[in-house]
Structures are given as structure tokens and as C-alpha cells.
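Heads up: the structure comes next, in C-alpha cells.
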Amino acid sequence: DQLGDDFVADQYRFDYSGFTVILAPHWVDRPCQPISVRNVLQYLVSALELAPSASCSFDIGGPKVVSYREVIQHMATALDLPRRPVLPIPPARMAALWIHLVTTVSYRSALPHADGLRIGAVYRDESARRLMAQRPLGVRESIDAALGTVAADAVETSWTDADLISGDPDWDGGTAFVHREKTEVIASAEELFRSVCRIGGRHGCYAADSLWRLRGLMDRVIGGPGLDRGRRSPDQIRHGDALDFWRVLAVEKDRRLKLVAEMKLPGEAVLELVLTECSDGTTEVRQCARFKPRGLLGLLYWYAVLPLHNLVFVGMLKGIAYASEADIQRGPESLPKRKPSGS
């Protein structure tokens, strides 16, 4: 159990104030020895400097044995939240489902962690500490250090980065339903791109946020990531980052952002924004949403949400311009839509 920036950043985004009870597996009082991810990295680096004769496996852990319940209470104290009673329940699956519903962690990720609580994680071999001396951080120190990294917007990686990064779908740019919009804005591509890179997380999607939140809630209920997954950084963006229920497929500074949907869908969806600077000092912003339906349900889904596209996508383009404090010279206006074939 490594208490690192990714874990704490995830908990930091979630507001537990509306919940009075935490559901946990009945073995929540088992002993464990949490270790900060900083100490884990130090051990890995130090291991490279060991002599070949010292090659063996090592057990590592934090300086103090605590229960999983105590770790939860330490987190509540660090976040200045009232302490909540922890209600042990026998099945790990129920605990994993609860974690999925009230945090950003998916059921698939939560289940092995909840199930793993039944095995005490206490190390008994002091070889690592003897051969690779360092000062291990305690539970509260680890949490405070991670929260400081979050507050400074210096989180280098998030737990969501561990998911597989999708490549371009085979159909991308080929046969699919397509919705296109464009607008011309009196601003540079650099100014607009800063706003484009803030899509998702606390900034929202610049338009129809209530609809996005409803879609995110529906996604959570059926097992998807929903909107609570947030993003690694509120302003910075890079390939592979998670943006709510989107994943960054491609990013080109001041030019292009391409996202693939990871929400539960009866099909596959891609959203792309392309910026082109014009000679008259304006920037053209082109937006393209592609969806390849999967069977009849996919077709029904596309036509069910089609009436909302203008509200959502046109609003997003306007929101990007307004967030950049720029005036719109023309548009948004719909571009010709390619007819689906082979779907």
C-alpha cells in the first residue's frame, strides 16, 4: 500500500462531506505498513548501486505498523474532514462497489485492493533498510507531502495514467457518424490553446455542464469512469492524460488536441479540436466529433443524443473563446457532415 501523490490527489478531489459511513471489508483492522511512494523510488534508485553479490528480493515498508482503519482516519484528518465511522462488511465486492460509487476509482481497480486487505502487509526482513539507508516517512508525513504536491500543481503522474493508452481507432477518419463545427476567433492560437488544454476537471467543458454531469453520473452507475476521474493537472496536458471520461490521444502545442472517449458507450467516439492561425490575426477553430456505433443500440444512441449536439459542441467552441477573453469574428457554424457508410 503505497501512499503517493496519485492516490492522495484522487482522494483530494472527492468531497466526503455528504457521507456519514465508510463501508470497508471486515478485515479493515488487519495490520499493514504503508510506505510513501517517495521511499519506494529511493529504494529502487539505491538498488541500482548495490553490488551484484547483494542481489536478492527485499521487503520494504514504512516505519510504523498501523491498521487500514487508521490510514483512513489519518486521511480524514489531513483533509480536515470529520471522522466517519468505518462499517466493516464481509464481501470485498460490496466494498469495491462502494469505492467505485463514491470515489474516482473504478470497480475493476478497487476490487483487488479491497480483496487484498485480508492479507496483512507487514515486512519482517530488515535487509533493505540496512543496505539502503534512508529516512522512511510515516503515514501522516506521506499524506501531507502528497497533498503539498497537489496544492502546488506538481503531480507528475496519476493513478489513471496506469490504464492502457488507446491508439487511433482503425475507423478514425473513415466510416463513422461525424459532427463538425468551426469558428473564427480574434486571438492567437497560443491564447486559445491554453483554454483548450483546460477542458475537463474543475474547468468543465465550457458549456452544458449540467448535461455533462448527468452523462457522467449515468456512466458511473453502469461502471464507467464518469466525470469524477478529473485530470492530473488543471492546466497542463500531455499524451495519455485522463480528462474525466476522455483520454488524450494526441496533443500538438498551439495546434491540435485529440481525445478518445473511455465512457461506457455502444460504440467508439473521438473528439478533435484543430487550431489554424490566419493572416488577418484571427484563429480558426475546427471541431470534429466522430462516433462509430456498435449494432442497433449504437445507432439508437447516436440519434438520441443528436439533438443535443448543437448545444454541447457549439457551446464548447464559444466557451473556449470566452475563456480566452477573445471575441468571435464568425461562427460557430456547422460544416458539411459526412454520411455514415459501412456502419
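The values are calculated or read from the model by the stated rules, or taken from the named source; none is laboratory data. Please read these numbers as outputs of a predicted model, since none were measured by experiment. Ideal geometry is used to build each Cβ from the backbone, glycine not excepted, and the neighbour counts take in all protein chains shown. Quick note on the areas: whole protein, heavy atoms, side chains included, nothing else; ligands and nucleic acids left out. Shrake-Rupley method; radii C 1.70, N 1.55, O 1.52, S 1.80 Å.
Points worth noting:
- Surface accessible to a 1.4 Å probe, per residue, for the residues of the chain, Å²: 51
- Carbon + sulfur, % of accessible area of the stretch 186-343 - ligands and nucleic acids excluded, 1.4 Å: 55
- The P(r) of the chain has a tail past 27 Å containing 54 percent of all C-alpha pairs.
- Rounded to 5, percent antiparallel among DSSP beta bridges of the chain: 85
- Here the label points at Leu79 and Leu311, each 7 Å from Cα along the C-beta direction, are separated by 3.2 nm in the simple model.
- Solvent exposure, largest accessible area first (probe 1.4 Å, DNA, RNA and ligands not counted), of His179, His74: His74, His179
- Residue of Ala24, Ala146, Ala51 that the Gaussian network model of the chain assigns the largest fluctuation, springs spanning Cα pairs under 10 Å: Ala51
- The Ile119 and Arg255 beta-carbon pair, evaluated with R₀ = 56 Å, returns a calculated FRET efficiency of approximately 0.70.
- The listed residues Lys253, Lys318, Lys258 rank as Lys253, Lys318, Lys258 when sorted by accessible area, largest first, using a 1.4 Å probe.
- Modelled label positions at Leu48 and Ser127, each set 7 Å beyond Cα in the direction of Cβ, lie 2.2 nm from each other.
- Computed on the chain, with alpha-carbon pairs under 8 angstrom and 6+ residues apart, the relative contact order is 20 percent.
- Note on the stretch 50-131: with neighbouring protein chains present and a 1.4 Å probe, carbon and sulfur make up 60 percent of its accessible heavy-atom surface.
- Ranking Arg30, Arg232, Arg38 from most to least accessible surface, computed with a 1.4 Å probe over the protein chains only, gives Arg30, Arg38, Arg232.
- Rg over Rh for the stretch 12-124 works out to 1.05, using Cα positions for both radii and the Kirkwood form for Rh.
- Using heavy atoms of the protein chains and a probe of 1.4 Å, the accessible area assigned to Met218 is about 100 Å².
- Here r is the Cβ-Cβ distance between Thr276 and Ile222 and R0 is 41 Å; the resulting FRET efficiency, rounded to 0.05, is 0.60.
- Other-chain or far-sequence residues with amide H under 5 Å of Asp241's (modelled H): Val248
- Stretch gain in nm, segment Leu296-His26, where the contour uses 0.36 nm per residue and the Cα spacing is subtracted: 92.8 nm
- For Ser53, the solvent-accessible surface with a 1.4 Å probe is about 110 Å², rounded to the nearest 10.
- Each Lys and Arg Cβ is given +1 and each Asp and Glu Cβ -1; about its Cα centre, the chain then shows a dipole of about 960 debye.
- Within the full protein context, the accessible area of Thr157 is estimated at about 70 Å² for a probe radius of 1.4 Å.
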